[in-house]
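The values are calculated or read from the model by the stated rules, or taken from the named source; none is laboratory data. Every value quoted in this text rests on a predicted model; they were computed, and no experiment measured them. In this analysis, Cβ positions are derived from the backbone assuming ideal geometry, glycine residues included, and neighbour counts consider all displayed protein chains. Ligands, DNA and RNA are stripped out before the accessible areas are found, and what is left, the full protein with its side chains, is counted by its heavy atoms. Shrake-Rupley method; radii C 1.70, N 1.55, O 1.52, S 1.80 Å.
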Amino acid sequence: MDWENLGFGYIKTPYRYVSEYKDGLWNGGILTDDDKVVISECAGVLQYAQTIFEGLKAYTTQDGRIVTFRPDLNAERMIDSARRLEIPEFPKERFLDAVDKVVKANKSFVPPYGSGASLYLRPFIFGSSAVLGVKPAKEYQFRIFATPVGPYFKGGIKPLTLRVSDFDRAAPHGTGHIKAGLNYAMSLHAIADAHEYGFDENLYPDPATRTYVEETGGANFIFVTKDDKIVTPKSDSILPSVTRRSLCYVAEKYLGLKVEHRPIKLSEIENFAECGLCGTAAIISPVGKINDHGKEILFPSGMNEMGKITKKLYETLTGIQTGKIQAPKGWIREIF
């Protein structure tokens, strides 16, 4: 494997984990080398998009250990997502055990320390039994596959250009706060449309008033004020990002910065010094400018590199993940 030149895409690895839900119970679960899923053409996932997923990574640390980063939060978020879509909950301890098993079984695909690469893990649940009327399925599969991925930004981090979207990502009191496939399907046309007009991503305002910042199609926002305060948007429609929560803790406890989680008006954006998008894939993607229907907002951090605070946050969190910096208790789950 050419670890230094991996992209961010799917590469089949030898083993994945599968557990099936039938007659009101999850079975014991197995590791299998079969990557094919066989379900009814009338399965709940195909007819009514009854599916949820998670994303996390396994890393090789500086001292050679293989670890995962805060997988307990992914397990808890998947339980919250399951409740919202009437999917049976997969127990937290079983989720963590399944993650461990998949990483161990695919140990040779965990990239070495210093390569910039990691082993991406995708847990997901879907309705597998036939459903014709609009109702939850009776049978489900919980699965985890693993794939080695390179750095999200190939050839270095370059600030993004966003546009304020006219599309809505999620409805008020809808499903924006859970990690469901249907939320991401809703963003596909919007992101394709943004790309067609030369933008990297969309900024979705709140759907009720269209005056507050929410998130992009797959990441939370994080802003930095001119006096180095961290501010993140607050809304019931925003997915509770594990990365965003971790960055806010790092900002406060490691870097001594003030952190504020509150509603942010679109009209405030031009007053911030830095902006970033945070998520599992890239940790932080710097934003250089935002176009609001022809009005261009250029952040003082510019279009050439990360802002100074954003960079400190990125370096500190990745340092924790790879063992260069001491992690808070419970953040790192050691597998080997």
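Of everything in segment 252-267, what is open to solvent by 20 Å² or more (accessible area, probe 1.4 Å), on the phi < 0 side of the Ramachandran plot and not in a helix (DSSP H, G or I)? Give them in sequence order. Break it down stepwise before answering.
Step one: of segment 252-267, the residues open to solvent by 20 Å² or more (accessible area, probe 1.4 Å) are 252-263, 265-267.
Those still in the list that are on the phi < 0 side of the Ramachandran plot too: 252-255, 257-263, 265-267.
If the condition is that a residue be open to solvent by 20 Å² or more (accessible area, probe 1.4 Å), on the phi < 0 side of the Ramachandran plot and not in a helix (DSSP H, G or I), then Tyr254, Leu255, Leu257, Lys258, Val259, Glu260, His261, Arg262, Pro263, Lys265 are the ones that fit.
Of all residues assigned to segment 324-331, none qualifies as being among the aliphatic types (A, V, I, L, M), outside any loop (DSSP other than H, G, I, E, B) and either modelled with pLDDT of 95 or more or under 20 Å from Gly198 (Cβ atoms) (or both).
Here is a yes/no grid of residues against (1) assigned to a loop (DSSP other than H, G, I, E, B); (2) in contact with a Lys or Arg (Cβ under 7 Å, 6 or more places away or on another chain); (3) without any contact (Cβ under 8 Å) to a residue 24 or more places away in the chain; (4) not charged (D, E, K, R):
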site: Leu182; (1), (2), (3), (4): no, no, no, yes
site: His189; (1), (2), (3), (4): no, no, yes, yes
site: Ala194; (1), (2), (3), (4): no, yes, no, yes
site: Val250; (1), (2), (3), (4): no, no, no, yes
site: Ile269; (1), (2), (3), (4): no, no, no, yes
site: Cys275; (1), (2), (3), (4): no, no, no, yes
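Report, by residue number, each residue of segment 218-230 that is open to solvent by 10 Å² or more (accessible area, probe 1.4 Å) and not β-branched (Val, Ile, Thr). Within segment 218-230, Gly218, Ala219, Lys226, Asp227, Asp228, Lys229 qualify.
Where strands (runs of 3 or more DSSP E) sit wholly within segment 1-116, those with at least 1 residues that are of a type in the set (A, V, I, L, M) and open to solvent by 70 Å² or more (accessible area, probe 1.4 Å) occupy 30-32.
Quick check on this structure: which one of Ser237, Ser301 is among the small types (Gly, Ala, Ser), in contact with a strand residue (DSSP E or B) (Cβ under 8 Å, 6 or more places away or on another chain), assigned to a loop (DSSP other than H, G, I, E, B) and open to solvent by less than 20 Å² (accessible area, probe 1.4 Å)? Outline the logic, then answer.
Numbers: Ser301 fails: open to solvent by less than 20 Å² (accessible area, probe 1.4 Å).
Going through Ser237, Ser301 in turn, the sole match is Ser237.
Looking across segment 123-140, the residues that are farther than 19 Å from Leu56 by Cβ and either surrounded by fewer than 21 Cβ atoms within 10 Å (Cβ to Cβ) or modelled with pLDDT under 95 (or both) come down to Ser129, Ala130, Leu132, Gly133, Val134, Lys135, Pro136, Lys138, Glu139.
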